[in-house]
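Okay, so here's the structure we're looking at.
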Amino acid sequence: MMKQELIDIGVNLTNAAFHKDLPDVIERASAQGVRRLIITGTNIAESQLAYQLTQDYPQQLYATAGIHPHDARHATDYSWQQIRALAQHDSVVAIGECGLDFNRDFSPRPMQEAAFAKQLEIAAELNMPVFMHERDANERFIAILKEFRSALPAAVLHCFTGSASDLAACLELDLHIGITGWICDERRGAELYQLVRDIPADRLMLETDAPYLLPRNLQPKPKSRRNEPCYLPHVAATIASARGEDIDTLLSRSLQVTEQFFQLPRL
């Protein structure tokens, strides 16, 4: 067990994979030092569910409220009213997950771009941080974000898996960067393993994106392919190794950065 507390900034706890044993998942995370979890809101229904979960676990669970680019085609004027309403609750700490996904294109690109811009506008209006997604769309993502960046208090690109030039463009806009177990995959994550040392310490945050992205190098290998927030210490240790950094230094700094970003109370 890690001595220091960790915060998982991106957990999809409303996913059906967690329906049967959610209290156990939260308990296992806490036993490994992952005492606070931020639940990702990916559409209106999931954002509302995420908020409801925060009411069952005060000061342990927090949530974001937003519409993922995959769901952008379903966004309506009423959706934005609902996001604004959810954002009034203290346990809702960011707008998102919002952004662009030109890899899977589940929503038409113009709709993705419009939904992304609208959520950036809401975040700026409410003075809230944004929790963002980008895949194979860095140029458009940066161009849209640039228009709003000066009005946003903080912005994180979660689950960063991009190139060196993508990272440079993000850091130029003073973004925070969320790193997942992607870095634990010696095949897909090899470039990220090298790049993670270029992320300034005051811009780095930790996440699992559970139930997705089970760290590939976990030993012993879990029987289930479902990722859980209890594996965050393993992700953190891999990041520390890649950065040539002491794990305790990484954890204490990451905790401070995360609390500040989401305006969380110190426990």
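All of the numbers you see were taken from the coordinates with simple rules; none came from a lab. If you're wondering where the values come from, they're calculated on a predicted model, not measured in any experiment. Please note: Cβ atoms are built from the backbone with ideal geometry, for glycine as well, and neighbour counts cover all protein chains shown.
What to note about this one:
- Nitroxide proxy distance, nm - points 7 Å out along Cα→Cβ at Thr249 and Phe102: 3.8 nm
- Once both labels are positioned 7 Å from their Cα atoms along Cα-to-Cβ, the gap between Glu172 and Glu186 label points is 3.6 nm.
- Residues Cys170, Cys98, ranked from the fewest to the most other C-beta atoms within 10 Å, line up as Cys170, Cys98.
- Seen through its C-alpha gyration tensor, with square-root eigenvalues sorted a ≥ b ≥ c, the stretch 225-267 comes out oblate because a/c lies at 1.5 or above while a/b is not bigger than b/c.
- Of the residues Ser47, Ser79, the one with the fewest other Cβ atoms within 10 Å heads the list, and the complete ranking is Ser79, Ser47.
- Among Phe262, Asn43, Phe141 the positive-end extreme of the charge dipole of the chain (Cβ point charges): Asn43
- Note, ³J(HN,Hα) from phi for the stretch 259-267, Karplus 6.51, -1.76, 1.60, rounded to Hz, x at Gly and Pro: 4, 5, 4, 8, 6, 8, x, 6, 8
- Each Lys or Arg adds one and each Asp or Glu takes one away; over the other residues whose Cβ falls under 15 Å from the Cβ of Leu22, this sums to -4.
- Most mobile listed residue (Ala72, Ala16, Ala31) in the chain, GNM with C-alpha springs under 10 Å: Ala16
- Ranking of Phe131, Phe148, Phe262 by count of other Cβ atoms within 10 Å, fewest first: Phe148, Phe262, Phe131
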